[in-house]
1. Which one of these does Asp343 not meet: (1) modelled with pLDDT of 85 or more; (2) under 18 Å from Leu272 (Cα atoms)?
2. Across the range 263-295, which residue is farthest from Thr85 (Cα to Cα) among those that are out of contact with any helix residue (DSSP H, G or I) (no Cβ under 8 Å at 6 or more places or on another chain) and of a type in the set (A, V, I, L, M)?
3. Out of (1) over 27 Å from Asp302 (Cα atoms); (2) out of contact with any Asp or Glu (no Cβ under 7 Å at 6 or more places or on another chain); (3) not in a helix (DSSP H, G or I), the odd one out for Leu111 is which?
4. Take the conditions within 25 Å of the chain's Cα centre (by Cα), open to solvent by 50 Å² or more (accessible area, probe 1.4 Å), closer than 30 Å to Leu16 by Cβ and not aromatic (Phe, Trp, Tyr) and apply them to Pro101. Does it pass?
5. What is the one condition in (1) more than 32 Å from the chain's Cα centre (by Cα); (2) surrounded by 13 or more Cβ atoms within 10 Å (Cβ to Cβ); (3) farther than 27 Å from Asp247 by Cβ that Asp188 does not satisfy?
6. Go through the range 106-116 and give me each residue that's among the small types (Gly, Ala, Ser) and either within 10 Å of Asp11 (Cα to Cα) or open to solvent by 40 Å² or more (accessible area, probe 1.4 Å) (or both).
Amino acid sequence: MTIADRWLLPDGVEELLPEQAAQVEALRRKLLDLYDSWGYELVIPPLIEFTESLLVGLEHDIDIQTFKVVDQLSGRTMGIRADITPQTARIDAHSLNREGPVRLCYAGSVLHTKPKSLMASRSPIQLGAELYGDATIGADIEVISLMLETLRAASVEQITLDLGHVSIYRALVAQAELDGDTEQQLSDALQRKSSVDIEAAIANGINDPALADMMRALSQLNGDRSVLDRAKTELANAPVEVAQAIDDLANVADQIAARMPGVNLYFDLSELRGYHYHTGLVFAALAPGHGQAVANGGRYDDIGEVFGRARPATGFNTDLKALLSYLSADDSVQVVESIFAPDSSTLSAADSLSLWQTVQTLRAEGERVVCALSGQTSAPDCNRYLQLQNGQWLTVNY
């Protein structure tokens, strides 16, 4: 390795310099205050955990996204978190162990072995909110509303809310009694919207012509609100869970449209993102200029069962770094004008002590004070300085 290589960071891993770091921190505080106003309590899970608790109950994609190391104390395998959601599920089910609805929020770094998309970061700052203990559609509506409020607070405009419901596909697959390999083949084909592969999977595993037709229809049920009316007709002979899921989507759409009329609604009934993880409603927020969802979430009931306590759950998350690009000039962090203090090592013991006391008083009053070192005569963003006059340190303008 050459000296020039020593400062290089791994691909997809970024550092935030002072201006960006200040923006991220201001946005983090703003959004956590927003969550607090909705009754969500902040939790700070550890960056690393034993894989037995960090990965249990999750889909394979999270497993391969997780960096793993050996704990030098116990010899057990540990994982650096790739997603904070399962950690909050553990906290709800085991650490808090409360009854009734529990609202938790978080903001922290995660690490991915590979980027989720071409331009995605491998070191996002994941921020999100989770609602445990309520299985009603009202909980989903609250979480979706909070996700949209999050994006509005981050100045994201022209939002499209993509809504789906994995229960529709689950019910059809259960009726078809597909084996594991065929089900995986079909779900992959539906995700890619590949009609050729969908037909191949249907031919391989579904013998009932009516059920095969419903599965074909499912792949085409995406678009505006009219999709729900088409779904009721084309999936009329599906199990009762399908009709309930369509009604839930209509309910969510009505309430979100009334609360936030500027949000575009899009429906995709074959959306199977996180299919092995999610259990009901799934949603994502899309915005211009971003190649992937700026926020996403869904219902993932009973994940707490692996921690000894099955709980209904729904939530969302976003990446604070990704939201930076949407901040306008009005959202930029204002430069705080500072006070420059002289180098105390050049002063007498009495003057040095009185300077220290003055500096600490100013800081306690909310001022930003930069103390000189090694002959330093100025510092960035200082518009005032401290000067000793008649035994007192006074603030003087430059």
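The values are calculated or read from the model by the stated rules, or taken from the named source; none is laboratory data. Computed from a predicted model, the values in this text were never measured in an experiment. Cβ atoms come from the backbone with ideal geometry, glycine included; neighbour counts cover every protein chain shown. Heads up: the accessible areas ignore ligands, DNA and RNA and are worked out on the full protein's heavy atoms, side chains in. Shrake-Rupley method; radii C 1.70, N 1.55, O 1.52, S 1.80 Å.
1. Of everything listed in (1) modelled with pLDDT of 85 or more; (2) under 18 Å from Leu272 (Cα atoms), Asp343 misses just condition (2).
2. Among them, the one singled out is Leu286.
3. (1)
4. no
5. So the condition that Asp188 fails would be (1).
6. Once the filter is applied, which keeps residues that are among the small types (Gly, Ala, Ser) and either within 10 Å of Asp11 (Cα to Cα) or open to solvent by 40 Å² or more (accessible area, probe 1.4 Å) (or both), the range 106-116 yields only Ser109.
Yes or no, residue by residue, for (1) farther than 30 Å from Arg98 by Cα; (2) open to solvent by 50 Å² or more (accessible area, probe 1.4 Å); (3) under 25 Å from the mean Cα position of the chain (by Cα):
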position	(1), (2), (3)
Thr314	no, no, yes
Ser345	yes, yes, no
Gln360	yes, yes, no
Ser378	yes, yes, no
Leu386	yes, no, no
Gln389	yes, yes, no
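Let's see how each residue does on (1) part of a helix (DSSP H, G or I); (2) touching a Ser or Thr at 6+ places or on another chain (Cβ under 6 Å); (3) closer than 29 Å to Ala139 by Cβ:
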residue: Ala26; (1), (2), (3): yes, no, no
residue: Pro45; (1), (2), (3): no, no, yes
residue: Gly79; (1), (2), (3): no, yes, yes
residue: Ala89; (1), (2), (3): yes, no, yes
